[in-house]
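Read the figures in this text as sums done on the coordinates, not as results from a lab. This one's a predicted model, so the numbers in the text were calculated from it and none came from an experiment. Glycine gets a Cβ as well: all are built from the backbone with ideal geometry, and neighbour counts include every protein chain shown.
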Amino acid sequence: MKEHDNKFKKGLVLEGGAMRGMFTCGVMDVFLENGIEFDGAAGISAGATFGCNYKSKQPGRALRYNKIYGRDPRYCSFRSLIKTGDLYGADFCYRELPTVLDPFDCKTFKNNPMEFFVGATDIRTGKCVYHKCTDGGETDLKWMRASASMPLVSKPVSIDGYLLLDGGITDSIPFEYLENQGYDRNVIVLTQPDGFVKKKSGISGLAKIFLHGYPEVAGAMERRHEMYNDQTSKIKKRELDGTSFVIRPPKALGIKRTENDPAELERVYNIGRKTAEGSLEDVKRFLDA
């Protein structure tokens, strides 16, 4: 465990949820603007692809590029899905965008001592595997891509001996992973309101067809709602006993998973900002206790 001013190792846990992640971006930007630091963070799916901007200290970046490029067919479109096998264009999203159009600050990312973990689902085993991102380079970006590769509209990502899809299939909210890394003072950012109960997905049947060669991950998709609801139940217990601090939307965000309307993206982002601003002093007390 690292040396700290107090006995706690402070972590930030970031749920996915596609464009519900704009809520998370608003929360993170308020934290960054107010100098809130964590020893480490773990993100899944949008929590990984947007959360990396916390370690690179780039508030506003995720909202900005989504507003500018969200309607660009190279970014997200059925044309991209038909042409490349990925709804979100891999080359555009994970090469051209972060290296040319809206550069990701790899230097700051690398020099920031905060650990950053991303999780993705190994489709051969149906288990979530994690990668510690260190420099924001090609390998790290490929893991982030894997974490956010939604089933049925993304090709599995081959990296480090794994064949990977969306981490949310098997570990939607990576709080237990971070706890197992020694983090015992965690702020958990959710993208669904208190009391939300996930229902069985209507695509689980399709998953059995499209992923027929990988029965373990197809089974995980079948049980995903059970896993998610178990996680939120455990998180609620941690919230009530004061061992974790939970930030969640005050009500359902009402945003489409692939929303590209700049006004809608900013609306949800601003809900995140307002929620974080209202919790800011409580978060500081929790982390400094």
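How long is the chain along each principal axis, judged by its Cα atoms, biggest number first, in Å?
51, 40, 36
Please name whichever of PHE78, GLY21, ALA48 sits farthest to the positive end of the charge dipole of segment 1-108, dipole taken about the Cα centre and charges placed at Cβ: Lys and Arg +1, Asp and Glu -1.
PHE78
Counting C-alpha atoms alone, how compact is segment 81-198: give Rg to one decimal and Dmax as a whole number, in angstrom.
Here Rg and the maximum Cα pair distance are 15.2, 45 Å.
Any idea what % of Cα-Cα pairs in segment 1-123 are farther than 20 Å?
Counting every Cα pair in segment 1-123, those more than 20 Å apart make up 47 percent.
On the Cα set of segment 166-219, report Rg and Dmax in Å, please.
In order Rg, Dmax, the Cα atoms of segment 166-219 give 14.9, 42 Å.
Quick check for segment 39-112: number of Lys pairs with alpha-carbon distance under 13 Å, counting only pairs 8 or more apart or on different chains? The partial results should precede the final answer.
Working: LYS55/LYS107; LYS55/LYS110; LYS57/LYS107; LYS57/LYS110.
Here the count comes out as 4.
For segment 213-267, count all C-alpha to C-alpha pairs, find those more than 12 Å apart, and express that count as a whole percent of the total.
Of the Cα pairs, 77 percent sit more than 12 Å apart.
About the Cα centre, and with charges only on the beta carbon of Lys, Arg (+1) and Asp, Glu (-1), how big is the dipole of the chain? Nearest 20 debye, please.
With Lys and Arg at +1 and Asp and Glu at -1, about 680 debye.
Antiparallel DSSP bridges in the chain: what percent, to the nearest 5?
45
Please identify, among THR170, THR134, THR243, the residue showing maximal mean-square fluctuation in a Gaussian network model of the chain using a 10 angstrom Cα cutoff.
THR243
What is the spin-label model distance, in nm, from ASN34 to LYS110 if the labels are put 7 Å beyond Cα along the C-beta direction?
3.3
Bin by bin, in steps of 10 Å, what percent of the Cα pairs in segment 156-289 do you find, going until the bin that has the longest distance?
It works out to 10, 31, 34, 21, 3, 0, in whole percents.
About its Cα centre, how strong a charge dipole does segment 240-286 have in debye, to the nearest 20, once Lys and Arg get +1 and Asp and Glu get -1 at the Cβ?
60
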